[in-house]
Amino acid sequence: MRVDHVCVRVEDLEASIKFYEEAFNYEVVKKRDFPENEFTLVYMALPSGGVQLELTYNYDHGPYEIGDGYGHIAIATDDLEGLHQAQVDKGLNVTELKGLPGEDPSYYFAVDPDGYKIEVIREK
């Protein structure tokens with residue numbers, strides 16, 4: 001068995017697709033529309049493969065409340081500083097580089113249009 005995908009519900013499908021494409025180079029690999037049930041599913045994948053991201057768009061839902069039990073999605077990169085600077089240059093919502101107590105910076109957070117946090121960590 002393996003983890004296949006992670007689902008996040010989004011208010012603005014096109015804005016969310018654009019964010020994940022621009023921020024992390026995700027690519028749309030499948031889109032399924034269910035107009036009779038008023039929702040659309042978009043599956044996105046990283047060029048390197050791995051767990052897919054499912055964006056679920058429920059027509060006319062409006063904003064979602066992110067529960068306090070939700071943490072984040074984590075994406076590993078071998079160029080933490082380069083990716084961070086590229087996202088800053090694009091005007092994306094990202095934190096400064098951070099480190100655990102007593103350690104050098106090894107991560108930061110990006111926030112998507114719906115407020116979901118994506119932890120970006122240095123590949124080990």
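Just so it is clear, none of the values below were taken in a lab; they were calculated from the coordinates. Quick caveat: nothing in here was measured; it's all calculated off a predicted structure. Backbone-built Cβ (ideal geometry, glycine too); neighbour counts: all protein chains shown.
What's the Cα-based Rg to Rh of the range 51-116, Rh via Kirkwood?
My calculation of the ratio gives 1.02.
Using the crude model of +1 on Lys and Arg Cβ and -1 on Asp and Glu Cβ, and no other charge, please compute the dipole size for the chain relative to its Cα centre, in debye to 20.
320 debye
Running a GNM on the chain with Cα contacts under 10 Å, which residue among F109, F24, F39 ends up with the highest mean-square fluctuation?
The residue with the greatest mean-square fluctuation here is F39.
Helix-only mean residue ellipticity at 222 nm, the chain, DSSP H runs n ≥ 4 weighted -39,500 (n - 2.57), per residue, nearest 500. What is it?
Calculated from helices alone, the mean residue ellipticity at 222 nm is -5500 deg cm²/dmol.
Rounded to two decimal places and with Rh computed the Kirkwood way over Cα pairs, what is Rg over Rh for the chain?
0.98
Apply the Karplus curve 6.51 cos²θ - 1.76 cosθ + 1.60, θ = phi - 60°, to the phi angles in the range 85-93 and return the couplings in whole Hz, x for Gly and Pro.
5, 4, 6, 4, 4, 7, x, 6, 7
Using a Gaussian network model of the chain with C-alpha springs under 10 Å, which one of L100, L80, L55 is most mobile by mean-square fluctuation?
Looking only at L100, L80, L55, the biggest GNM fluctuation is shown by L100.
Under 5 Å between amide H atoms, partner at least 5 residues away or on a different chain: which partners does R9 have, H built in plane at 1.01 Å?
T56
Please give the contour-minus-distance gain from D33 to D78: 0.36 nm per residue of separation, less the Cα-Cα distance, rounded to one decimal in nm.
Stretched out fully, the D33 to D78 stretch lengthens by 12.7 nm.
Under 10 Å, Cα contacts only: if you run a Gaussian network model on the chain, which one of G69, G49, G99 comes out with the highest mean-square fluctuation?
Maximum among the listed residues: G69.
Lysine pairs, Cα distance under 25 Å, 8 or more residues apart or cross-chain: how many in the range 2-124?
Lysine pair count for the range 2-124: 10.
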